[in-house]
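Remarks on the structure that follows.
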Amino acid sequence: MESIAEVVRQGLCTGCGTCAGVCPTEAINMRISNGLFLPHIEEDKCTGCRRCVECCPGYSLDFEELNSRIFGQQPKDASLGNYLGCYVGHSTEREMRYECSSGGAVSQLLVFALEEGVIDGALVTRMRRDDPLEPEPFVARTREEILSASRSKYCPVATNEALKHIVKESGRFAVVGLPCQIHGVRKAEGSVKGLRERIVLRLGLMCSHTVSFFGTEFLLKKLGLTREEIAEIRYRGLGWPGSMLIKLRDRSDLAIPYVGKWRAYWPAFSSFFFTPMRCLMCPDETNELADISVGDAWLPELKHERNGESVVVARTKKGEEILDLARSAGAVSLRPVECGRVRCSQADPLKFKKDDFGTRLAMIESAGMKTPDFSLKRSSPSSLSSFARNFFAFFNIKASKNEVLKSLLSYIPFPVFRLYYGVYKFLLLI
């Protein structure tokens, strides 16, 4: 690949921001375009060093090489990747546990690492104060700043754009990111001198797919709200599984259930409406290259839990060490579980991302689109149910890009989306 511009042209950009974060002349910045963050190159600053291309996880990612470098071996578990231990747990601070997305484990681990001097700062993301619908990656250096970045953001986030601050400064840092963002960090560590020594902890968020900015616009339109009315938006929180909380400038609040209710908003997004096509090309749901991976504990035995629990996967010795220290200090509550419980908690997205990987890429390529080089063996695209699941996702992504259909979606009641998602759930069972 000759340039980042070519990655974008071929539809392979993940919007992770790594190219902007590692550019030595800061010739790249991330701008919103067509509902996504994409890199913009200032040609007069570009020296043609190609560091951006070397660090880009969008068009290629050598999982075999990275697993050898990070873990010293290839994964024995094809679903979860390399790991040392699996747990279910949460923050022991009641308020943090309730206010965060799924038990507050990530926020608590960052606060603990900061207060114990393990890190000097953490690369995280909050919503901008001057524009509450746009995310802002930054390096948090206090407990308060870490907590300002808690909760999930169901919109594009160019987290790695803030790597530029870590590249310039001395110190030890943690990075929180989705799989594509951690992929970019790992590639950058192999190309940018000193970065691997500065980043001492990588916390990976499990992810089935993200949602474009059009998704938030769709929700606001359904609710009869304008961008100018919004003072603050929180996509998750208020217990588990939680709700979206929209604070308006007239000081009123509006809460919408996340899942499990007929008025819940996530079924529209879990049906892949407003999903970037590049997300369909990703084979990594559990963030296999992180030190610690964290996700919602969607387990039958925890379905009545209302304060939040996370499944936690320790992958490296550093990750295991941080978890042991935090548990010993009483910062987090963790109980070991069989790795099968983690697989169970992520059963649907794992089936889609892992079992359907070959079918999905074959479908995308048959539509004339480029796909990344992951150096992974593809499963044979032979199952009719696998084809149906992937066609469901592919069709809904395409439909939500059509201006007419996109407009019509805002008039569909939330319960209909829940019923429609049931079609996909049925396809996962067969």
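Structure notes:
- Put simply, of Ala113, Ala78, Ala122 the only residue that is at pLDDT below 95, closer than 26 Å to Ala188 by Cα and aliphatic (A, V, I, L, M) is Ala78.
- Checking Ser101 against (1) modelled with pLDDT of 95 or more; (2) closer than 24 Å to Thr210 by Cβ, the condition it does not meet: (1)
- Test: residue in segment 2-23 that is farther than 30 Å from Lys406 by Cβ, among the basic types (Lys, Arg) and at pLDDT 95 or above: no
- Hits in segment 254-311 (condition: under 24 Å from Gln181 (Cα atoms), part of a loop (DSSP other than H, G, I, E, B) and of a type in the set (A, V, I, L, M)): Leu289, Ala290, Ala297
- Residue match in segment 205-227 (condition: modelled with pLDDT of 95 or more and farther than 26 Å from Thr275 by Cβ): no
- Of all residues in segment 102-118, those being surrounded by 24 or more Cβ atoms within 10 Å (Cβ to Cβ) and part of a loop (DSSP other than H, G, I, E, B) number 3.
- Residue within segment 143-150 that is surrounded by fewer than 16 Cβ atoms within 10 Å (Cβ to Cβ), touching an Asp or Glu at 6+ places or on another chain (Cβ under 8 Å), touching a residue at least 12 places away in the same chain (Cβ under 8 Å) and not acidic (Asp, Glu) present: yes
- From the list Ser79, Ser102, Ser68, the one residue that fits, being farther than 30 Å from Glu2 by Cβ, of a type in the set (Ser, Thr, Tyr) and out of contact with any helix residue (DSSP H, G or I) (no Cβ under 8 Å at 6 or more places or on another chain), is Ser102.
- Tally of residues being surrounded by 19 or more Cβ atoms within 10 Å (Cβ to Cβ) and among the basic types (Lys, Arg) across segment 298-340: 1
The values are calculated or read from the model by the stated rules, or taken from the named source; none is laboratory data. It should be emphasised that the depicted structure is a prediction, and the values quoted were computed from it without experimental measurement. Cβ atoms come from the backbone with ideal geometry, glycine included; neighbour counts cover every protein chain shown.
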